[in-house]
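Written below as structure tokens is the structure these notes are about.
The values are calculated or read from the model by the stated rules, or taken from the named source; none is laboratory data. Keep in mind it's a predicted model, so treat the numbers as computed, not measured. We place every Cβ from the backbone using ideal geometry, glycine too, and count neighbours over all the protein chains shown. The area values use the complete protein model at the heavy-atom level, side chains included, leaving out ligands, DNA and RNA. Shrake-Rupley method; radii C 1.70, N 1.55, O 1.52, S 1.80 Å.
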Amino acid sequence: EDLPAGLRQPCVMDVKMGTRTFLEEEAAATKLRVDLATKLHEIDPALLLPGERERGITKGRYLQQRDSQSSSATLGLRIEGISRPDGATFESRGGFKRLRSEEDISRALAFFVGGNAAAHDA
């Protein structure tokens, strides 16, 4: 569903709430997936054990590591993406996957509100 459809200048932020952002059913799969090993490698290559990049990892392992390496574990929320009507992109080393600290999240929120101090301070 395209929620901002019909809006002239939508400004959207995708935020996942909670210290754990997945269900047990999602993590129960035992199939090894190379695509998830690649995604985890993009977050931090040191998170993979020898051979996992080639063999793959389970979805559960990926989801646990993703949450633990993001602000989900420490702050209880994770920003997945921001879309502004002016097309500006948020610059952060490693993108949204690397936002971990309150300062990182604060910078992303300031970017989202376009530097509008009143909105940021609210």
Sole miss for Leu23 among (1) among the aliphatic types (A, V, I, L, M); (2) surrounded by 15 or more Cβ atoms within 10 Å (Cβ to Cβ); (3) more than 25 Å from Leu7 (Cβ to Cβ); (4) modelled with pLDDT under 90 is condition (2)
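Can you tell me which residues in the stretch 54-79 are more than 12 Å from Arg100 (Cα to Cα) and among the charged types (D, E, K, R)?
Residues of the stretch 54-79 more than 12 Å from Arg100 (Cα to Cα): 54-65.
Within the stretch 54-79, Glu54, Arg55, Lys59, Arg61 meet the criteria.
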message = Condition first: surrounded by fewer than 16 Cβ atoms within 10 Å (Cβ to Cβ), small (Gly, Ala, Ser) and more than 13 Å from the chain's Cα centre (by Cα). Can you find one or more residues in the stretch 61-79 that meet it?
response = no
Just to be sure, is Phe96 of a type in the set (Phe, Trp, Tyr) and farther than 24 Å from Pro4 by Cα?
no
Matching residues in the stretch 26-60 (β-branched (Val, Ile, Thr), more than 17 Å from the chain's Cα centre (by Cα) and open to solvent by less than 70 Å² (accessible area, probe 1.4 Å)) number 3
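Collect the residues in the stretch 110-122 that are under 17 Å from Pro10 (Cβ atoms), at pLDDT 80 or above and assigned to a helix (DSSP H, G or I), keeping them in residue-number order. Don't jump to the end; show me each part of the working.
Taking the stretch 110-122 and keeping what is under 17 Å from Pro10 (Cβ atoms), we get 111-114, 116, 119.
From the residues that got through so far, the ones that are at pLDDT 80 or above too are 111-114.
Those that are under 17 Å from Pro10 (Cβ atoms), at pLDDT 80 or above and assigned to a helix (DSSP H, G or I): Phe111, Phe112.
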The number of residues in the stretch 38-67 that are out of contact with any helix residue (DSSP H, G or I) (no Cβ under 9 Å at 6 or more places or on another chain) and either within 13 Å of Ala108 (Cβ to Cβ) or not aliphatic (A, V, I, L, M) (or both) is 2
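If a residue counts only when it is in contact with a Gly (Cβ under 7 Å, 6 or more places away or on another chain) and of a type outside the set (Gly, Ala, Ser), which helices (runs of 4 or more DSSP H) contained entirely in the stretch 31-98 have at least 1 such residues?
34-43
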Residue pairs within 9 Å by beta carbon, gap of at least six or interchain, first lying in the stretch 10-35 and closer than 16 Å to Ser68 by Cβ and touching a residue at least 40 places away in the same chain (Cβ under 8 Å), second assigned to a loop (DSSP other than H, G, I, E, B) and of a type in the set (Ser, Thr, Tyr), listed first then second, are Lys16/Ser70; Thr21/Ser70
From the option list Ile79, Ile43, Ile57, single residue qualifying as over 15 Å from Thr19 (Cα atoms) and in contact (Cβ under 8 Å) with a residue 40 or more places away in the chain is Ile43
Scanning the stretch 7-20 residue by residue, those open to solvent by less than 50 Å² (accessible area, probe 1.4 Å) and part of a strand (DSSP E or B) turn out to be Met13
